[in-house]
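Heads up, the thing below is written out as structure tokens.
The values are calculated or read from the model by the stated rules, or taken from the named source; none is laboratory data. Keep in mind it's a predicted model, so treat the numbers as computed, not measured. Cβ placement follows ideal geometry from the backbone for every residue including glycine, while neighbour counts extend to all protein chains displayed.
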Amino acid sequence: MKKVDLYYDLVDRAAMIYHRSLKTDYLDSLLLAACGIIHEDYDSRLDDEDIKEMENICREIYSTEFLNEEVRLASQLLIAKAFKHIGYSLDLMTPDAVNYLIAAAVCHRFRNKKISILDTALGTGNLLQAICNRMDVDPDLFGIEYDWRLAQLARALANLQGNAIIIYYQDALRDLIEKVDLIIGDLDGYDVADDLVLGSKLYGKGVRYFPYLVIDARLRNLKKNGIFIYVVDNDFFSHPGAPVFREEIKKKATFLGVVTLPQSMFHQQHGGKSIFIGTNALKKNHQTIIMTINDTEKNSLAAAVDNIVRLVDMF
């Protein structure tokens, strides 16, 4: 953790230079600092003393060998500070235990393979980077994010880790041309408006729950025998439109299983989440497997990894 702490301290110092000198909020300051570190090119509004300090910070960063995962973990702490500063909910950040679970499953399923991955709810890109940093062959990375600042921060943090990424700055329900091997996403549970213009059968049948709509929409972006892994609320199958969603999806995909995660992985006020796994390959007579990992279960994290790996190995 010493390297993580060092990287955090260096980038935080850089962000505070922008925050102090330009009066930008911490999130924008972090973005400016990250871009400055990547390009070693600093905002012309900084005075000579601040530029000298930025040069010293960059010199120390580039003279120290940091692993990508150390950079990601430090970035996660920096993002948490930024979110607190601007009033964003920390629920927007996928817990790192969940990142680890999904990364372990993906790396197991696609070991020694070159794949493409799309995060349909990119945010700052932490889940996508956690997967990328563990894979033995660098994947092609894509993301969808509607919040401009989060999209820019995701790009900068990916570049700090040396990972190239293509980000589509758009609503998650809009059409996309990319075809990928794996689609992931930590999906917010809410109902969309009634006046959207969508070419969606589900929407036309009155379904408004965002996760149902986005899972259906993104099936078009999976290559043959592609896999999707989503983080969803525990009440995923209890929303209005669930029967319509099931009926429509089973025509073009197979739900492999759902793993309910330990409540201890999430904030107390959160209702808990599950990992939802499926494929666009149609498997006859497959019964969706439901698994629950309890807080009381010994080595619950290891148990969750084992169960998720079993699910992806079914296909």
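Evaluated against (1) in contact (Cβ under 8 Å) with a residue 24 or more places away in the chain; (2) part of a loop (DSSP other than H, G, I, E, B), residue 285 falls short on exactly one condition, (1). Filtered by the rule that a residue be surrounded by fewer than 19 Cβ atoms within 10 Å (Cβ to Cβ) and either among the β-branched types (Val, Ile, Thr) or free of Cβ contacts under 8 Å to residues at least 60 places away in the same chain (or both), region 147-164 gives 147, 148, 164.
Of all residues in region 103-128 being at negative phi, crowded, with 24+ Cβ neighbours inside 10 Å and assigned to a loop (DSSP other than H, G, I, E, B), which is modelled with the lowest pLDDT? Top of the filtered list is 124.
Here is a yes/no grid of residues against (1) in contact (Cβ under 8 Å) with a residue 60 or more places away in the chain; (2) farther than 23 Å from residue 219 by Cβ; (3) not aliphatic (A, V, I, L, M):
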residue: 63; (1), (2), (3): no, yes, yes
residue: 78; (1), (2), (3): yes, yes, no
residue: 93; (1), (2), (3): no, yes, no
residue: 100; (1), (2), (3): yes, yes, yes
residue: 116; (1), (2), (3): yes, no, yes
residue: 124; (1), (2), (3): no, yes, yes
residue: 131; (1), (2), (3): no, no, no
residue: 139; (1), (2), (3): no, no, yes
residue: 145; (1), (2), (3): no, no, yes
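Each row is one residue, and each column tells you yes or no for (1) closer than 26 Å to residue 92 by Cα; (2) among the β-branched types (Val, Ile, Thr); (3) assigned to a helix (DSSP H, G or I).
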residue: 172; (1), (2), (3): yes, no, no
residue: 177; (1), (2), (3): no, yes, no
residue: 183; (1), (2), (3): yes, yes, no
residue: 196; (1), (2), (3): yes, no, no
residue: 216; (1), (2), (3): yes, no, yes
residue: 219; (1), (2), (3): yes, no, yes
residue: 245; (1), (2), (3): yes, no, yes
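For region 165-203, the set of residues classified as loosely packed, with under 15 Cβ neighbours inside 10 Å and of a type in the set (S, T, N, Q) consists of 170 only.
Can you confirm whether residue 112 is in contact (Cβ under 8 Å) with a residue 24 or more places away in the chain and within 23 Å of residue 28 (Cα to Cα)? For residue 112, the condition - in contact (Cβ under 8 Å) with a residue 24 or more places away in the chain and within 23 Å of residue 28 (Cα to Cα) - is not met.
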